[in-house]
Amino acid sequence: MEYKVPTMADLTAAGETPEVLFWVGCAGSFDDRYKRVTVAFVRILNQVGIKFAVLGTEESCTGDPARRAGNEFLFQMQAVANIEVLNMYGVKKIVTACPHCFNTLKNEYPDLGGNYEVIHHSTFLQQLIDDGRLKVQGGAFKGRKITYHDSCYLGRANDVYEAPRAIITALDADLTEMKRSRKNGLCCGAGGGQMFKEPEPGKKDVNVERIEEALGTGAETVAVACPFCMVMMTDGVKNKEKEDTVKVFDLAELVASANGW
Amino acid sequence: MPVVQQVLFALVLGFVGWTMFRRISVIKKTIALGKPEDLTDRPGERLSTMLRIAFGQKKMFDRPVVGVLHFLVYAGFLLINLEVLEIVLDGLFGTHRLLAPLLGGFYPILIGFFELLALGVLVACSIFLIRRNTGSVPRLSPARHRELNGWPVKDANTILVIEIVLMIAILSMNAADSLLQERGELAATGPYLVSRWLMPLFSGLGDGALHAIERGAWWFHILGIFAFAVYVTYSKHLHIFLAFPNTYFTRLKPKGEMENMPAVTKEVKLMLGLQTDSGEAPAEPGRFGAKDVMDLSWKNLMDAYSCTECGRCTASCPANITGKKLSPRKIMMDTRDRLEDLGRNMLANGGEIKDDGKFLLGDYITAEELRACTTCQACVEACPVLINPLDIILQLRRYQVMEESDAPASWNSMFQNLENNQAPWKFSPGDRFNWAEKVN
């Protein structure tokens, strides 16, 4: 099928309103690895027949990294500008594949005048599976060991623990938990602005500590649901020289690839 | 009981009450140094949170064995206080076991139950003392965590030893009492469930010696409790009281949500031309972020007094686990140390704080600690009494960046990219939608 990526500007010009706005995020737009996640998710949306739109070049960073680093002014400049755009288009519902965008849009934009129903793509995919709109052909992952690394901004920050696991289970995969999981999950090391700076002096990098735990489960696939976790886990696998045997995938990639999309 | 003892008792009780009142008012004053924050919405949810987390100790049971041991000490503390009430009344009225005639046959059962609790406290505290001092729990080891060196270790051991000694006193008192009852020296209400097993230890003693032990243990026990009550207010053990308000006044929002800064919003809207200047004199915004405890919310400060230094936050902190300087427990201890220094400052200067040239940021907590935080919420999740070290870290970061422009160079580049390209990386905003070429 030919995949389409309508923008809000196009739809509005045609007098149409989408069911949901797909907030792509900076990593999903610019990071070569995470662009593949964006593509996978867009293919799923097309295949399922969801009427969606993106902001395209009208989107800009939610401001999360600035806010966590302490630059409230810059955060609010970004946020207020984004809210202007979102409200201009009358956006009601937003789905995003980035837990940091998800947290900021959902929890922090309301104080600045942006009120939307915001869901993370893991919850969105789970709902599609539950409603029978999205069939997951287990094939490629059937019986394969997958471990899921909880994103802090999805898990502890917003209590989303089960949706990602439900998707892995729907793949008929063998979900193998790390010892530190769900609310006890260990951070990948990139949150709070760490993604954009060198770590402080210490004995070890956080992502190495985490990937050792993931490798300890014997899983060949490490599933993630966050662009920062993706970078950190992938680097961790490289650090351990396991890139030939262990792969890091986002949940949307798992679903799309299981279906041959 | 001679009247002298009664008078003495009343004087001691009054002195203890007065000392505690003074100390509590200092603590209240230092907490009130914090900024106001309204945390009184949704009272039903708050009450149920307090009942589950503080009264029901829900989070303590995340580690079941320690959870049960801690619950024994907690239940002992709550319920044995009923017996302490009898002791205080006896002391004031010069009576002996005032409640026995009122409760009849139920009295020995009740005392037996209290003794069982006392035994539980004794056993649990002994296990805690061994566990803490043999290095078997890394988060409690001063060799691994610099913030525990000195006073915190002594404080922790003192509390456990006092609790053990107090329980021995109450059991010895009851054993001696029961022997005197057998000999017809006192009205018979015992022997009791646990102390009866101690009676053989004392049975060779004469009446006079038994009276001395009974009275001695009685005084030792109640004076010990009074001393402990005062001590607690200077110690990390204050969590036994503050766990309740601290869980009640917790923030009920999703953990991921950072507090908004309305003063900034106004400026941003003016800059973006979304709001016109109303001509009103702008309210003095004070400091952006926090440099000292006065810039934090009163809830951050109550958090600091509620911390019992168990270190579950630090044990779950990814930065700490990987050897960085950050320890969320130290953030709380530093905040409290700062408050205590200001409390002493106030007392020494007639209720006013004299500038001591010190600040929480810099003199207690360093930039390196703040910068190691990944904001992962593990510390917040781990705390059994809903303390939030992360909120303090983020407010201090705000001060660093907004007031002092003090950020690592790579963060400054990230800020610049955000300003110029609306993305944290140096990509052209015009290329933001190029990924769409890859979908087919």
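The values are calculated or read from the model by the stated rules, or taken from the named source; none is laboratory data. These numbers come from a predicted model, not from an experiment. So basically every Cβ, Gly included, is an ideal-geometry build from the backbone, and we count neighbours across all protein chains shown. For the accessible areas, the whole protein counts, side chains as well, though only heavy atoms, and no ligand, DNA or RNA atoms are used. Shrake-Rupley method; radii C 1.70, N 1.55, O 1.52, S 1.80 Å.
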| message | Kindly evaluate B:M271 against the criterion of being out of contact with any strand residue (DSSP E or B) (no Cβ under 8 Å at 6 or more places or on another chain) and surrounded by fewer than 21 Cβ atoms within 10 Å (Cβ to Cβ). | response | yes
| Quick one: is B:R46 over 26 Å from B:R344 (Cβ atoms) and in contact (Cβ under 8 Å) with a residue 40 or more places away in the chain? | yes
| said: It is to be established whether one or more residues within segment A:20-28 are under 16 Å from A:L251 (Cβ atoms), open to solvent by 40 Å² or more (accessible area, probe 1.4 Å) and at the interface with chain B (Cβ under 9 Å from one of its Cβ atoms). | reply: no
| query | In segment B:373-408, which residues are small (G, A, S) and closer than 15 Å to A:L186 by Cβ? | reply | B:A378, B:A382
| Picking from A:D174, A:D235, which residue would you name as being in contact with a strand residue (DSSP E or B) (Cβ under 7 Å, 6 or more places away or on another chain) and open to solvent by 40 Å² or more (accessible area, probe 1.4 Å)? | A:D174
| remark: So, first residue within 7 Å of another protein chain (Cβ to nearest Cβ) in segment B:402-416, second residue surrounded by fewer than 16 Cβ atoms within 10 Å (Cβ to Cβ) and of a type in the set (D, E), Cβ within less than 9 Å, six or more apart or across chains; the pairs are B:P408/A:E198; B:S410/A:E198
| said: Among the residues of segment A:221-240, are any of a type in the set (D, E) and assigned to a loop (DSSP other than H, G, I, E, B)? | reply: no
| field | Checklist (1) out of contact with any Leu (no Cβ under 8 Å at 6 or more places or on another chain); (2) surrounded by fewer than 14 Cβ atoms within 10 Å (Cβ to Cβ) applied to B:D207, failing item | value | (1)
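Let's see how each residue does on (1) of a type in the set (S, T, N, Q); (2) open to solvent by 30 Å² or more (accessible area, probe 1.4 Å):
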site: B:A290; (1), (2): no, no
site: B:V293; (1), (2): no, no
site: B:D303; (1), (2): no, no
site: B:E309; (1), (2): no, no
site: B:P328; (1), (2): no, no
site: B:T335; (1), (2): yes, no
site: B:G350; (1), (2): no, yes
| request: State which residue pairs qualify: first residue closer than 15 Å to A:A81 by Cβ and inside segment A:106-121, second residue outside any helix (DSSP H, G or I) and of a type in the set (A, V, I, L, M) in any location, beta carbons under 7 Å apart, and separation of 6 or more residues or different chains. | output: A:E108/B:M258
| Which ones in segment A:118-171 are of a type in the set (G, A, S) and either more than 17 Å from the chain's Cα centre (by Cα) or open to solvent by 40 Å² or more (accessible area, probe 1.4 Å) (or both)? | A:G132, A:G138, A:G139, A:A140, A:G143, A:A170
| message | If the requirement is being in contact (Cβ under 8 Å) with a residue 40 or more places away in the chain and hydrophobic (A, V, I, L, M, F, W, C), which of these qualifies: B:A124, B:A143? | response | B:A124
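For every residue, the table says whether it meets (1) open to solvent by 20 Å² or more (accessible area, probe 1.4 Å); (2) at pLDDT 95 or above.
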position	(1), (2)
B:A143	yes, no
B:R146	yes, yes
B:V153	yes, yes
B:T158	yes, yes
B:I162	yes, yes
B:V165	yes, yes
B:A175	no, yes
B:E182	yes, no
B:A187	yes, no
| message | Taking the conditions exactly as written (open to solvent by 10 Å² or more (accessible area, probe 1.4 Å) and under 19 Å from the mean Cα position of the chain (by Cα)), does B:D363 satisfy them or not? | response | no
| task | Could you list all residues from segment B:370-394 that are more than 17 Å from the chain's Cα centre (by Cα) and either within 8 Å of chain A (Cβ to nearest Cβ) or aromatic (F, W, Y) (or both)? | result | B:R371, B:A372, B:C373, B:T374, B:T375, B:C376, B:Q377, B:A378, B:L394
| field | Among the candidates A:T62, A:T38, residue that is more than 13 Å from the chain's Cα centre (by Cα) and either surrounded by fewer than 19 Cβ atoms within 10 Å (Cβ to Cβ) or within 12 Å of chain B (Cβ to nearest Cβ) (or both) | value | A:T62
| query | Which of the residues that make up segment B:51-102 are in contact with a helix residue (DSSP H, G or I) (Cβ under 7 Å, 6 or more places away or on another chain), part of a loop (DSSP other than H, G, I, E, B) and within 18 Å of B:F244 (Cβ to Cβ)? | reply | B:Q57
| request: Check whether at least one residue in segment B:31-47 is among the β-branched types (V, I, T), open to solvent by 50 Å² or more (accessible area, probe 1.4 Å) and either more than 18 Å from the chain's Cα centre (by Cα) or under 22 Å from B:C383 (Cα atoms) (or both), and report yes or no. | output: yes
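Among A:L86, A:L55, A:L45, which is modelled with pLDDT of 95 or more and facing chain B (nearest Cβ under 9 Å)? So that I can check it myself, show each step before the final result.
Working: A:L86 fails: facing chain B (nearest Cβ under 9 Å); A:L45 fails: facing chain B (nearest Cβ under 9 Å).
When all the criteria are applied, what remains is A:L55.
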| In segment A:101-117, which residues are closer than 21 Å to A:A69 by Cα and crowded, with 21+ Cβ neighbours inside 10 Å? | A:C101, A:F102, A:N103, A:T104, A:L105, A:K106, A:E108, A:Y109
| field | Candidates B:D334, B:D303, B:D363, B:D277, filtered to the one that is at pLDDT 95 or above and farther than 27 Å from A:P199 by Cα | value | B:D303
| task | Could you tell me whether any residue of segment A:70-91 is crowded, with 24+ Cβ neighbours inside 10 Å, among the aliphatic types (A, V, I, L, M) and without any contact (Cβ under 8 Å) to a residue 24 or more places away in the chain? | result | yes
| message | Test of understanding: among B:L78, B:L148, B:L98, B:L82, which residue is farther than 23 Å from B:Y231 by Cα and either of a type in the set (A, V, I, L, M, F, W, C) or in the same structural domain as B:G323 (by TED's automatic domain parsing) (or both)? | response | B:L98
